[in-house]
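Please read the structure below before turning to the comments.
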Amino acid sequence: MSKKYSNKLSDNLWETIIDRELSLAVSLLNDDEVVAIPTETVYGLAGNAFSKKAIKKIYDIKQRPVSNPLIVHVSDISKIDDIAKNIPPIARKLLEHFSPGPLTVLLPKKNIVLDEVTSGLNEVAIRIPNHELTLQLLKKLDFPLVAPSANPYGYISPTKPMHVYKQLGGKVPYILDGGTCTKGIESTVVGFENGNPIIYRQGAISIEMISELVGDVMVRDTEKEKPLSPGMVPHHYSPHTKLILTDFIDVVAKQYDADKIGIISFKEALSFIPKDHQIILSHEGDLNEAAKNLYNALHQLDEMDLDIIIAEKLPNYGVGKAVNDRLTRASYTKE
Ligand code: TXA
Ligand code: MG
(Lines give C-alpha, C1' and ligand atoms only; values in the text may rest on other atoms or scores of the structure.)
(Ligands and ions follow the chains in the order given, each with its own letter.)
Protein backbone atom coordinates (compact mmCIF):
# COMPACT_ATOMS: atom_id res chain seq x y z
CA MET A 1 0.00 0.00 0.00
CA SER A 2 1.42 3.43 -0.73
CA LYS A 3 1.14 6.24 1.73
CA LYS A 4 -1.15 8.33 -0.44
CA TYR A 5 -3.97 5.91 0.38
CA SER A 6 -3.25 5.97 4.04
CA ASN A 7 -3.64 9.56 5.20
CA LYS A 8 -6.28 8.47 7.66
CA LEU A 9 -4.21 5.74 9.24
CA SER A 10 -2.42 6.32 12.51
CA ASP A 11 1.37 6.03 12.46
CA ASN A 12 1.22 2.80 14.45
CA LEU A 13 -1.21 1.14 12.11
CA TRP A 14 0.81 2.37 9.15
CA GLU A 15 3.96 0.82 10.58
CA THR A 16 2.17 -2.45 11.19
CA ILE A 17 1.02 -2.56 7.59
CA ILE A 18 4.52 -1.82 6.29
CA ASP A 19 5.98 -4.48 8.60
CA ARG A 20 3.52 -7.02 7.30
CA GLU A 21 4.22 -6.15 3.68
CA LEU A 22 7.96 -6.33 4.26
CA SER A 23 7.68 -9.66 6.10
CA LEU A 24 5.78 -11.14 3.20
CA ALA A 25 8.44 -9.92 0.76
CA VAL A 26 11.20 -11.26 3.02
CA SER A 27 9.66 -14.72 3.29
CA LEU A 28 9.12 -14.99 -0.45
CA LEU A 29 12.69 -13.86 -1.18
CA ASN A 30 14.08 -16.28 1.43
CA ASP A 31 12.19 -18.95 -0.47
CA ASP A 32 13.93 -18.24 -3.82
CA GLU A 33 10.83 -16.44 -5.07
CA VAL A 34 10.76 -13.14 -6.93
CA VAL A 35 9.15 -9.92 -5.69
CA ALA A 36 8.60 -6.66 -7.54
CA ILE A 37 10.23 -3.87 -5.55
CA PRO A 38 10.02 -0.08 -5.72
CA THR A 39 13.10 2.03 -6.33
CA GLU A 40 13.48 5.73 -7.06
CA THR A 41 14.12 4.94 -10.74
CA VAL A 42 11.77 2.14 -11.87
CA TYR A 43 10.26 -0.96 -10.26
CA GLY A 44 12.61 -3.94 -10.16
CA LEU A 45 11.93 -7.65 -10.36
CA ALA A 46 13.98 -8.80 -7.39
CA GLY A 47 15.42 -12.10 -6.23
CA ASN A 48 18.21 -13.42 -4.00
CA ALA A 49 21.47 -12.56 -5.77
CA PHE A 50 23.00 -15.84 -4.54
CA SER A 51 20.13 -18.08 -5.67
CA LYS A 52 20.39 -19.68 -9.11
CA LYS A 53 16.75 -20.64 -8.80
CA ALA A 54 15.58 -17.06 -8.21
CA ILE A 55 17.81 -15.75 -11.00
CA LYS A 56 16.39 -18.27 -13.45
CA LYS A 57 12.87 -17.18 -12.53
CA ILE A 58 13.78 -13.56 -13.21
CA TYR A 59 15.16 -14.36 -16.68
CA ASP A 60 12.18 -16.59 -17.47
CA ILE A 61 9.55 -14.10 -16.36
CA LYS A 62 11.17 -11.23 -18.25
CA GLN A 63 12.05 -13.45 -21.21
CA ARG A 64 15.39 -11.74 -21.11
CA PRO A 65 18.40 -13.19 -22.94
CA VAL A 66 20.81 -14.66 -20.38
CA SER A 67 23.62 -12.71 -22.02
CA ASN A 68 22.27 -9.58 -20.35
CA PRO A 69 23.64 -9.21 -16.82
CA LEU A 70 21.78 -8.07 -13.73
CA ILE A 71 22.35 -5.25 -11.25
CA VAL A 72 22.98 -6.25 -7.64
CA HIS A 73 21.24 -4.02 -5.10
CA VAL A 74 22.74 -3.51 -1.65
CA SER A 75 21.73 -1.36 1.32
CA ASP A 76 24.94 0.61 1.84
CA ILE A 77 28.49 1.14 0.61
CA SER A 78 30.02 -1.16 3.24
CA LYS A 79 28.11 -4.11 1.72
CA ILE A 80 29.90 -3.64 -1.60
CA ASP A 81 33.05 -5.23 -0.15
CA ASP A 82 31.17 -8.55 0.10
CA ILE A 83 30.81 -8.80 -3.67
CA ALA A 84 33.48 -6.60 -5.29
CA LYS A 85 37.24 -7.13 -5.11
CA ASN A 86 37.94 -3.43 -4.78
CA ILE A 87 36.44 0.02 -5.28
CA PRO A 88 38.63 2.32 -7.41
CA PRO A 89 38.97 5.83 -5.90
CA ILE A 90 36.75 7.47 -8.54
CA ALA A 91 34.06 4.84 -8.04
CA ARG A 92 34.16 5.48 -4.31
CA LYS A 93 33.90 9.20 -4.84
CA LEU A 94 30.85 8.74 -7.09
CA LEU A 95 29.26 6.27 -4.67
CA GLU A 96 29.81 8.54 -1.69
CA HIS A 97 28.27 11.45 -3.52
CA PHE A 98 25.33 9.77 -5.25
CA SER A 99 24.37 6.83 -3.02
CA PRO A 100 21.79 5.89 -2.14
CA GLY A 101 20.65 7.00 -5.57
CA PRO A 102 20.37 6.22 -9.27
CA LEU A 103 24.03 5.32 -9.78
CA THR A 104 25.17 1.83 -10.83
CA VAL A 105 28.89 1.08 -10.78
CA LEU A 106 30.66 -1.78 -12.54
CA LEU A 107 33.32 -3.28 -10.26
CA PRO A 108 35.55 -6.39 -10.41
CA LYS A 109 33.50 -9.21 -8.94
CA LYS A 110 34.45 -11.55 -6.13
CA ASN A 111 34.06 -15.28 -6.78
CA ILE A 112 30.96 -15.41 -4.61
CA VAL A 113 29.05 -13.54 -7.34
CA LEU A 114 27.40 -16.04 -9.65
CA ASP A 115 28.20 -16.06 -13.37
CA GLU A 116 24.44 -16.07 -13.88
CA VAL A 117 24.36 -12.55 -12.43
CA THR A 118 27.14 -11.08 -14.58
CA SER A 119 26.52 -13.25 -17.67
CA GLY A 120 30.06 -14.51 -17.25
CA LEU A 121 31.65 -11.05 -17.17
CA ASN A 122 34.34 -10.26 -14.62
CA GLU A 123 32.58 -7.15 -13.42
CA VAL A 124 29.43 -6.91 -11.39
CA ALA A 125 26.96 -4.01 -11.56
CA ILE A 126 26.08 -2.66 -8.11
CA ARG A 127 23.73 0.00 -6.87
CA ILE A 128 22.18 1.33 -3.67
CA PRO A 129 18.58 2.27 -4.45
CA ASN A 130 17.12 5.34 -2.80
CA HIS A 131 13.75 4.06 -1.69
CA GLU A 132 12.93 3.74 1.99
CA LEU A 133 10.87 0.53 1.66
CA THR A 134 13.47 -1.26 -0.42
CA LEU A 135 16.31 -0.13 1.83
CA GLN A 136 14.38 -1.53 4.80
CA LEU A 137 13.79 -4.73 2.88
CA LEU A 138 17.49 -5.09 2.03
CA LYS A 139 18.40 -4.62 5.70
CA LYS A 140 16.08 -7.47 6.67
CA LEU A 141 17.72 -9.90 4.24
CA ASP A 142 21.07 -11.60 4.59
CA PHE A 143 21.73 -11.45 0.85
CA PRO A 144 21.71 -8.68 -1.77
CA LEU A 145 19.00 -8.50 -4.43
CA VAL A 146 19.42 -8.76 -8.16
CA ALA A 147 16.74 -6.67 -9.82
CA PRO A 148 16.29 -5.83 -13.48
CA SER A 149 13.42 -3.52 -14.38
CA ALA A 150 10.11 -5.34 -13.83
CA ASN A 151 8.94 -5.41 -17.45
CA PRO A 152 9.04 -8.02 -20.20
CA TYR A 153 12.35 -7.71 -22.05
CA GLY A 154 12.36 -4.79 -24.48
CA TYR A 155 9.16 -3.13 -23.27
CA ILE A 156 8.46 -0.03 -21.24
CA SER A 157 9.87 0.02 -17.71
CA PRO A 158 7.36 0.30 -14.85
CA THR A 159 7.22 3.40 -12.66
CA LYS A 160 4.02 2.43 -10.79
CA PRO A 161 2.89 -0.86 -9.22
CA MET A 162 0.02 -0.98 -11.72
CA HIS A 163 2.49 -1.03 -14.62
CA VAL A 164 4.10 -4.14 -13.13
CA TYR A 165 0.73 -5.72 -12.50
CA LYS A 166 -0.46 -5.12 -16.05
CA GLN A 167 2.71 -6.45 -17.68
CA LEU A 168 3.72 -9.28 -15.34
CA GLY A 169 0.78 -9.64 -12.93
CA GLY A 170 0.12 -13.35 -13.19
CA LYS A 171 3.80 -14.23 -13.03
CA VAL A 172 4.99 -12.29 -9.99
CA PRO A 173 3.76 -13.50 -6.59
CA TYR A 174 4.04 -10.13 -4.90
CA ILE A 175 4.42 -6.45 -5.76
CA LEU A 176 5.72 -4.33 -2.91
CA ASP A 177 3.85 -1.06 -3.35
CA GLY A 178 6.11 1.92 -2.83
CA GLY A 179 4.07 4.41 -4.84
CA THR A 180 5.24 6.17 -7.99
CA CYS A 181 8.98 6.22 -8.68
CA THR A 182 10.38 9.70 -8.08
CA LYS A 183 13.06 9.67 -10.80
CA GLY A 184 11.16 7.62 -13.39
CA ILE A 185 14.16 6.67 -15.52
CA GLU A 186 16.77 3.99 -14.87
CA SER A 187 20.05 4.42 -13.04
CA THR A 188 23.16 5.69 -14.80
CA VAL A 189 25.58 2.79 -15.33
CA VAL A 190 29.24 3.76 -14.91
CA GLY A 191 32.27 1.56 -15.52
CA PHE A 192 35.97 2.36 -15.01
CA GLU A 193 38.90 1.87 -17.33
CA ASN A 194 42.41 2.80 -16.20
CA GLY A 195 40.84 4.84 -13.44
CA ASN A 196 38.59 6.78 -15.81
CA PRO A 197 34.80 6.66 -15.64
CA ILE A 198 32.82 5.57 -18.70
CA ILE A 199 29.05 5.85 -18.94
CA TYR A 200 27.54 2.62 -20.30
CA ARG A 201 23.94 3.65 -19.89
CA GLN A 202 22.69 7.19 -19.50
CA GLY A 203 20.19 7.59 -16.71
CA ALA A 204 18.75 9.64 -13.89
CA ILE A 205 22.16 11.09 -12.98
CA SER A 206 23.16 13.26 -15.91
CA ILE A 207 26.55 13.27 -17.61
CA GLU A 208 26.98 16.86 -16.42
CA MET A 209 26.43 15.85 -12.78
CA ILE A 210 29.07 13.15 -13.08
CA SER A 211 31.66 15.34 -14.80
CA GLU A 212 31.10 18.08 -12.29
CA LEU A 213 32.31 15.66 -9.64
CA VAL A 214 35.06 13.69 -11.40
CA GLY A 215 35.96 15.64 -14.55
CA ASP A 216 35.53 14.55 -18.14
CA VAL A 217 33.63 11.36 -18.67
CA MET A 218 33.34 9.23 -21.78
CA VAL A 219 30.01 7.97 -23.06
CA ARG A 220 30.19 4.78 -25.11
CA ASP A 221 28.80 5.37 -28.57
CA THR A 222 26.14 2.72 -28.70
CA GLU A 223 25.49 3.00 -32.42
CA LYS A 224 29.01 2.10 -33.48
CA GLU A 225 29.91 -0.65 -31.05
CA LYS A 226 28.67 -4.07 -30.20
CA PRO A 227 26.32 -3.49 -27.26
CA LEU A 228 27.93 -4.28 -23.90
CA SER A 229 24.79 -3.60 -21.92
CA PRO A 230 21.27 -4.60 -22.94
CA GLY A 231 20.24 -1.05 -22.22
CA MET A 232 22.52 -0.24 -25.17
CA VAL A 233 20.74 -2.37 -27.76
CA PRO A 234 19.02 -0.22 -30.33
CA HIS A 235 15.46 -1.46 -29.81
CA HIS A 236 14.44 -1.29 -26.15
CA TYR A 237 12.13 0.53 -23.72
CA SER A 238 9.36 0.31 -26.33
CA PRO A 239 5.60 0.51 -26.41
CA HIS A 240 3.70 -1.91 -28.68
CA THR A 241 2.43 1.09 -30.65
CA LYS A 242 4.81 2.50 -33.24
CA LEU A 243 6.62 5.56 -31.92
CA ILE A 244 8.10 8.51 -33.79
CA LEU A 245 10.56 10.84 -32.09
CA THR A 246 10.83 14.32 -33.55
CA ASP A 247 11.72 17.95 -32.90
CA PHE A 248 8.59 18.99 -34.80
CA ILE A 249 5.54 17.22 -33.36
CA ASP A 250 3.11 19.66 -34.97
CA VAL A 251 4.45 19.00 -38.47
CA VAL A 252 4.48 15.22 -38.03
CA ALA A 253 1.08 15.13 -36.28
CA LYS A 254 -0.60 16.86 -39.25
CA GLN A 255 0.29 13.90 -41.45
CA TYR A 256 -1.99 11.54 -39.47
CA ASP A 257 -5.65 11.18 -38.52
CA ALA A 258 -5.94 13.23 -35.30
CA ASP A 259 -8.10 10.57 -33.61
CA LYS A 260 -5.58 7.81 -34.11
CA ILE A 261 -2.44 9.44 -32.77
CA GLY A 262 -1.05 10.05 -29.32
CA ILE A 263 1.26 12.94 -28.50
CA ILE A 264 3.94 13.15 -25.86
CA SER A 265 5.13 16.73 -25.69
CA PHE A 266 7.62 18.39 -23.43
CA LYS A 267 5.59 21.37 -22.17
CA GLU A 268 2.86 22.47 -24.58
CA ALA A 269 -0.20 20.80 -26.08
CA LEU A 270 -1.17 20.89 -29.77
CA SER A 271 -4.45 22.70 -30.43
CA PHE A 272 -5.65 20.37 -33.21
CA ILE A 273 -5.35 17.04 -31.36
CA PRO A 274 -7.95 15.75 -28.85
CA LYS A 275 -6.79 16.60 -25.29
CA ASP A 276 -7.11 13.02 -24.05
CA HIS A 277 -4.63 11.91 -26.72
CA GLN A 278 -1.92 14.21 -25.47
CA ILE A 279 0.40 13.99 -22.52
CA ILE A 280 2.54 16.91 -21.48
CA LEU A 281 5.60 15.76 -19.60
CA SER A 282 6.20 18.99 -17.69
CA HIS A 283 4.14 22.18 -17.96
CA GLU A 284 7.00 23.96 -16.21
CA GLY A 285 9.54 22.68 -18.71
CA ASP A 286 11.40 20.83 -15.94
CA LEU A 287 13.54 17.99 -17.30
CA ASN A 288 13.45 15.96 -14.08
CA GLU A 289 9.66 16.14 -13.98
CA ALA A 290 9.57 15.14 -17.64
CA ALA A 291 11.76 12.09 -16.92
CA LYS A 292 9.55 11.12 -14.00
CA ASN A 293 6.44 11.19 -16.22
CA LEU A 294 7.89 9.61 -19.38
CA TYR A 295 7.21 5.88 -18.90
CA ASN A 296 3.76 6.48 -17.45
CA ALA A 297 2.93 8.52 -20.56
CA LEU A 298 4.12 5.68 -22.79
CA HIS A 299 2.13 3.10 -20.79
CA GLN A 300 -1.02 5.24 -20.95
CA LEU A 301 -0.91 5.94 -24.68
CA ASP A 302 0.08 2.37 -25.47
CA GLU A 303 -3.24 1.20 -23.99
CA MET A 304 -5.32 3.43 -26.27
CA ASP A 305 -5.15 1.40 -29.45
CA LEU A 306 -3.61 4.22 -31.47
CA ASP A 307 -1.87 3.98 -34.84
CA ILE A 308 1.11 5.95 -33.70
CA ILE A 309 2.67 7.80 -30.79
CA ILE A 310 4.56 10.97 -31.67
CA ALA A 311 7.02 12.11 -29.03
CA GLU A 312 8.82 15.41 -28.87
CA LYS A 313 12.57 15.41 -28.34
CA LEU A 314 13.59 17.05 -25.08
CA PRO A 315 16.30 19.69 -24.86
CA ASN A 316 19.47 17.63 -25.14
CA TYR A 317 21.15 18.35 -21.82
CA GLY A 318 20.93 17.10 -18.26
CA VAL A 319 18.51 14.22 -17.83
CA GLY A 320 16.92 15.32 -21.13
CA LYS A 321 19.73 13.40 -22.84
CA ALA A 322 18.82 10.16 -21.09
CA VAL A 323 15.14 10.66 -21.94
CA ASN A 324 16.06 11.25 -25.60
CA ASP A 325 18.20 8.10 -25.48
CA ARG A 326 15.21 6.04 -24.27
CA LEU A 327 12.83 7.59 -26.79
CA THR A 328 15.32 6.99 -29.59
CA ARG A 329 15.49 3.30 -28.67
CA ALA A 330 11.72 3.12 -28.28
CA SER A 331 11.36 4.51 -31.80
CA TYR A 332 13.51 1.89 -33.52
CA THR A 333 11.41 -0.41 -35.63
CA LYS A 334 11.37 -4.03 -34.53
CA GLU A 335 12.85 -6.45 -37.01
O1 TXA B 1 17.46 1.86 -12.22
C2 TXA B 1 17.84 0.71 -12.45
O3 TXA B 1 19.02 0.44 -12.69
C4 TXA B 1 16.80 -0.41 -12.38
C5 TXA B 1 16.32 -0.56 -10.94
C6 TXA B 1 15.34 -1.68 -10.76
O7 TXA B 1 17.41 -0.70 -10.10
N8 TXA B 1 17.32 -1.62 -12.89
C9 TXA B 1 17.58 -1.79 -14.22
O10 TXA B 1 18.03 -3.08 -14.51
O11 TXA B 1 17.40 -0.95 -15.05
P12 TXA B 1 18.07 -3.64 -16.00
O13 TXA B 1 18.44 -5.06 -15.83
O14 TXA B 1 16.80 -3.35 -16.68
O15 TXA B 1 19.26 -2.88 -16.66
C16 TXA B 1 20.58 -3.12 -16.15
C17 TXA B 1 21.60 -2.46 -17.01
C18 TXA B 1 21.65 -3.11 -18.35
O19 TXA B 1 21.94 -2.14 -19.35
C20 TXA B 1 22.77 -4.12 -18.16
O21 TXA B 1 23.37 -4.53 -19.34
C22 TXA B 1 23.74 -3.32 -17.33
O23 TXA B 1 22.89 -2.64 -16.42
N24 TXA B 1 24.63 -4.24 -16.63
C25 TXA B 1 24.35 -5.06 -15.60
N26 TXA B 1 25.43 -5.77 -15.24
C27 TXA B 1 26.42 -5.40 -16.07
C28 TXA B 1 27.79 -5.79 -16.21
N29 TXA B 1 28.34 -6.70 -15.40
N30 TXA B 1 28.52 -5.21 -17.18
C31 TXA B 1 27.96 -4.27 -18.00
N32 TXA B 1 26.66 -3.86 -17.92
C33 TXA B 1 25.92 -4.42 -16.97
MG1 MG C 1 15.48 -2.75 -18.10
Out of LEU145, LEU133, LEU138, which single residue is touching a His at 6+ places or on another chain (Cβ under 9 Å), closer than 22 Å to GLU15 by Cβ and either open to solvent by less than 20 Å² (accessible area, probe 1.4 Å) or among the aliphatic types (A, V, I, L, M) (or both)? LEU138
If you go through the range 44-63 one residue at a time, how many are over 15 Å from the mean Cα position of the chain (by Cα) and either open to solvent by 10 Å² or more (accessible area, probe 1.4 Å) or not aliphatic (A, V, I, L, M) (or both)? 12
Filtering the range 185-200 down to residues that are modelled with pLDDT of 95 or more and either of a type in the set (Gly, Ala, Ser) or in contact with an Asp or Glu (Cβ under 7 Å, 6 or more places away or on another chain) (or both) yields SER187, GLY191
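Condition check ((1) within 16 Å of ligand 2 (Cβ to nearest atom); (2) buried (at least 20 other Cβ atoms within 10 Å of the Cβ); (3) among the basic types (Lys, Arg)) across all residues:
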| position | (1), (2), (3) |
| --- | --- |
| PRO152 | yes, no, no |
| MET162 | no, no, no |
| LYS166 | no, no, yes |
| TYR174 | no, no, no |
| GLY179 | no, no, no |
| THR182 | no, no, no |
| SER187 | yes, yes, no |
| VAL190 | no, yes, no |
| ASN194 | no, no, no |
Tell me, which strands (runs of 3 or more DSSP E) lie completely within the range 257-335 with 3 or more residues that are crowded, with 21+ Cβ neighbours inside 10 Å? 261-265, 308-312
Count, please, the residues in the range 178-223 that happen to be polar (S, T, N, Q), over 19 Å from HIS97 (Cα atoms) and not in a loop (DSSP other than H, G, I, E, B). 0
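The values are calculated or read from the model by the stated rules, or taken from the named source; none is laboratory data. What you are looking at is a predicted structure, and each value in this text was computed from that prediction instead of being measured. Quick reminder, even Gly has a Cβ in these numbers, built from the backbone with ideal geometry, and neighbours come from all protein chains shown. These accessible areas exclude ligands, DNA and RNA; they are computed on the full protein's heavy atoms, side chains included. Shrake-Rupley method; radii C 1.70, N 1.55, O 1.52, S 1.80 Å.
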